Amino acid sequence: MIAPVLTGILIGGKSTRMGTNKAVLPWRDSTIIETIVQAARTITTECVLLGTCENLPDSLSEMLSLPDPRPNAGPLAGLCALLDYAPNGWCVLLSCDVPNISQDAIIALTGHITPDTKAVAYTTDQSSIVHSTAALYHTDLRDPARRALDADQRSLHRFIRSVPHTLVPADRRTERALRNVNVPADYTPPR
């Protein structure tokens, strides 16, 4: 198994559909972002935040937060920041809205790394949905990602499909781990 060297968590979104900052919503015994950071730290020894987030929990105040190289340019900008910062090797990119993400789901992706692959992501719904923000990216993608960002491309889905990649069909358990909390109907507050 090839172990990822670094995890980056995207926190710079506007949460427009949710109507509030979803990263800091309560989840189980903490917040969504704290839950994801905890899961990420079981995968890699280093975890960084990508972008900026208002009202970040105190428990995460000491974490390194990498600014987007181009503000308001979407998750591709966060990926560029991650790849620029990372030592050579594989990185995990996660969004701040997958609170059920599991170590098993990410480690399973590493089993699909080949010498020619530079990105590995799950697909659902007969491969039409690519989970580009719960995926692995190799640092060899620094230049292609930067060129895509400079060309004003914002779609990580399109970016993955433009580089050597492997798409892994998600089983039901993994689909549950990949569920996003994007709108109020997706969120069940703790009781």
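The values are calculated or read from the model by the stated rules, or taken from the named source; none is laboratory data. Just so we're clear, the structure is a prediction, and the values are computed from it rather than from any experiment. As a convention, Cβ positions derive from the backbone with ideal geometry for all residues, glycine included, and neighbour counts pool all protein chains shown.
For the stretch 3-11, state whether one or more residues are modelled with pLDDT under 85 and either more than 30 Å from GLY111 (Cβ to Cβ) or surrounded by 13 or more Cβ atoms within 10 Å (Cβ to Cβ) (or both). Yes.
Looking at ILE2, ILE36, which one is in contact (Cβ under 8 Å) with a residue 12 or more places away in the chain, touching a strand residue (DSSP E or B) at 6+ places or on another chain (Cβ under 8 Å) and not in a loop (DSSP other than H, G, I, E, B)? Steps first, answer last, please.
Details: ILE2 fails: not in a loop (DSSP other than H, G, I, E, B).
Only one candidate qualifies: ILE36.
Inside the stretch 125-151, residues that are within 27 Å of PRO26 (Cβ to Cβ), without any contact (Cβ under 8 Å) to a residue 60 or more places away in the chain and hydroxyl-bearing (Ser, Thr, Tyr) make up a count of 1.
Set side by side, the residues THR133, THR114, THR124 differ, and just one is farther than 21 Å from ARG41 by Cα, touching a Ser or Thr at 6+ places or on another chain (Cβ under 8 Å) and hydroxyl-bearing (Ser, Thr, Tyr), which is THR114.
Residue count for the stretch 41-77, restricted to those that are of a type in the set (A, V, I, L, M), within 20 Å of LEU156 (Cα to Cα) and assigned to a helix (DSSP H, G or I): 2.
Residues that are more than 14 Å from ASN21 (Cα to Cα) and out of contact with any Leu (no Cβ under 7 Å at 6 or more places or on another chain) within the stretch 167-185 comprise LEU167, PRO169, ASP171, ARG172, ARG173, THR174, GLU175, ARG176, ALA177, LEU178, ARG179, ALA185, listed in sequence order.
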